[in-house]
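Scroll down for the structure; my scribbles are underneath it.
The values are calculated or read from the model by the stated rules, or taken from the named source; none is laboratory data. Everything numeric here is computed off the predicted structure, so don't read it as measured data. Cβ coordinates were reconstructed from backbone atoms using ideal geometry, including for glycine residues, and neighbour counts include every protein chain displayed. Heavy atoms of the whole protein, side chains included, go into the accessibility calculation; ligands, DNA and RNA do not. Shrake-Rupley method; radii C 1.70, N 1.55, O 1.52, S 1.80 Å.
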Amino acid sequence: MMPDALLEVKDLHTYFELEEGTLKAVNGVSFTIRKNRTLGIVGESGCGKSVTAQSIMRITPTKNSSMRGQILLHHESGAVDVAQLDEDGDEMRDLRGRDIAMIFQEPMTAFSPVHTVGNQIMEALFVHGERDKRAARKRVIALLDEVGIPAPERRIDEYPFQLSGGMRQRSMIAMAIILNPRLLIADEPTTALDVTIQAQILRLMKRLQRDNGMAIMFITHDLGVIANMADDVAVMYLGKIVEYGASRQIFNDPKHPYTKGLMRSIPKFGTTIGKHLATIKGTVPVPLDPPDACPFANRCAEFIAGTCDVRMPAAVTVAPGHSVNCVLYE
């Protein structure tokens with residue numbers, strides 16, 4: 001274990017039993033989130049990023065689903081395995097918000113439309129022991145002001161539909177950090193925002209991390225955001241992590257063919273007019289009973305018949321802290 005490890009995910013599997021077969025949304029994921037650092041998780045839609053976050057929070061749908069593996073949350077007194085806790089039990093409820101909080105992808109659906117923003121943010125305080133409603137309201141107003149919402153004394157009594165997209169996202173951040181969590185999971189927090197508001201939100205998250213000393217797990221499709229935010233990067237594909245390393249290692253020296261394809265897909269200034277952007281052929285398949293082989297095999301330009309389609313390659317360390325799951329490096 002790293003001495004500054006806050007959360008260790010070990011061999012995490014999250015499966016859903018469907019009529020068509022077993023949907024292996026997360027299929028053997030392992031990574032470490034360190035104190036005061038940001039782990040960026042990137043990959044196309046359907047690769048398992050959000051389900052990984054929901055598994056850590058223990059909020060995946062329980063019907064026809066199963067989860068195994070370890071999710072070790074470290075305290076000074078020891079570690080607790082979140083995967084072994086009852087998702088509706090008091091201990092898990094106590095961890096949510098106080099130790100681990102989450103910014104959801106779309107605040108318009110994450111917020112209740114029939115309760116004011118202020119009441120929904122204050123609920124976290126009441127669940128964790130606050131009894132003074134006046135003090136809770138005062139604290140929420142101060143926090144709304146801190147995250148950059150104008151006229152917080154008025155906005156606290158407004159409903160989500162009365163706020164702009166940027167203000168809803170800022171309110172969602174306020175809800176997540178109201179208890180100063182040790183780990184903040186941000187699931188594509190800037191996807192629906194214009195670039196100006198996106199930049200403001202990213203600056204806000206960096207400042208909050210610096211001031212509160214929290215760790216961040218940042219999920220996004222945007223590699224530019226990851227380059228700006230993340231200290232470490234995990235590249236996910238079809239429920240697995242195919243490359244893992246420090247941000248500078250992933251961007252300066254990508255190893256996995258999928259990571260290289262993602263890097264080539266980034267639009268660049270100075271591209272010749274009329275020239276097609278680089279793309280990765282095909283789409284992420286639905287992970288219904290996937291074979292025990294490289295998940296990227298059917299889209300890989302460096303595919304080796306009889307090897308890539310036969311087994312899942314083991315993780316190979318190509319540099320200190322930099323690993324890749326690819327037969328090219330075995």
Requested in this report: Report, in debye and to the nearest 20, how large the dipole of the stretch 176-327 comes out about its Cα centre when Lys and Arg carry +1 and Asp and Glu carry -1 on their Cβ.
Outcome: 420
Report summary line: Whole-percent tail of the Cα-Cα distance distribution for the stretch 150-241, cut at 21 Å, equals 37
Query - Over the stretch 162-222, relative contact order from alpha-carbon pairs under 8 Å, at least 6 apart, % - result: 45
Query raised in the report: Accessible area per residue of the chain at 1.4 Å probe, in Å²?
Result: 49
Query raised in the report: To the nearest 10 square angstrom, what accessible area does C326 show with a 1.4 Å probe?
Result: 10
Requested in this report: Please report, in debye to the nearest 20, how large the charge dipole of the stretch 114-179 is about its Cα centre when each Lys and Arg carries +1 at its beta carbon and each Asp and Glu carries -1 there.
Outcome: 80
Query raised in the report: Over all directions, what mean area does the Cα convex hull of the chain project, stated in square nanometres?
Result: 19.0
Requested in this report: Summarise the accessible area of the stretch 114-179 (1.4 Å probe, protein heavy atoms) by the percent that is carbon and sulfur.
Outcome: 51
Query raised in the report: Which residues make up the longest stretch of the chain clear of chymotrypsin sites (Phe, Trp or Tyr not before Pro) that lie in a DSSP loop with no more than 15 other Cβ atoms within 10 Å, not counting the sites?
Result: 1-268
Query raised in the report: T279: accessible area at probe 1.4 Å, nearest 10 Å²?
Result: 110
Query raised in the report: Under DSSP H, which helices of the chain have Cα atoms covering 15 Å or more of the helix axis and a Kyte-Doolittle average no less than 0.0?
Result: 117-127, 165-177
Query - Distance cut-off 19 Å, percentage of C-alpha pairs in the stretch 114-179 lying past it - result: 20
Query raised in the report: Any idea which of M67, G28, F251 is furthest toward the positive side of the dipole for the chain, if Lys and Arg beta-carbons carry +1 and Asp and Glu beta-carbons -1?
Result: F251
Query - the stretch 281-295 and the stretch 100-128: distance between their alpha carbon centers, rounded to Å - result: 35
**Report entry** Overall dimensions of the stretch 92-204 by Cα: Rg and Dmax, Å
**Finding:** 13.1, 40
Report task. Can you tell me what the convex hull of the Cα atoms of the stretch 202-330 projects to on average, as an area in nm²? Result -> 10.1
Query raised in the report: Can you give the percent of C-alpha pairs in the stretch 191-258 whose distance is more than 17 Å?
Result: 48
Report task. Please build a GNM for the chain, connecting alpha carbons under 10 Å apart, and tell me which residue among G129, G97, G43 fluctuates the most. Result -> G129
Query raised in the report: Helix-derived [θ] at 222 nm for the chain: sum -39500 (n - 2.57) over DSSP H runs of at least 4, divide by residue count, nearest 500?
Result: -8500 deg cm²/dmol
**Report entry** Within the accessible area of the stretch 191-330 (1.4 Å probe), percent carbon and sulfur
**Finding:** 56
**Report entry** Average Cα contact separation per residue, the stretch 114-179, under 8 Å, 6 or more apart, as relative contact order %
**Finding:** 47
Query - Cα centre as origin, Lys/Arg/Asp/Glu Cβ charges: the chain dipole, Debye - result: 1040
Query raised in the report: Over the stretch 1-94, how many percent of alpha carbon pairs lie in each 10 Å bin up to the one with the longest distance?
Result: 15, 47, 31, 7, 1
Query - Of the trypsin sites (Lys or Arg not before Pro) in the stretch 238-330, those whose Cβ has at most 16 other Cβ within 10 Å and which sit in DSSP loop - result: K268, K275, K281, R311
Query raised in the report: Could you name the lysines in cross-link range of K255, using Cα to Cα under 26 Å and dropping any fewer than eight places away on the same chain?
Result: K10, K24, K49, K240, K268, K275, K281
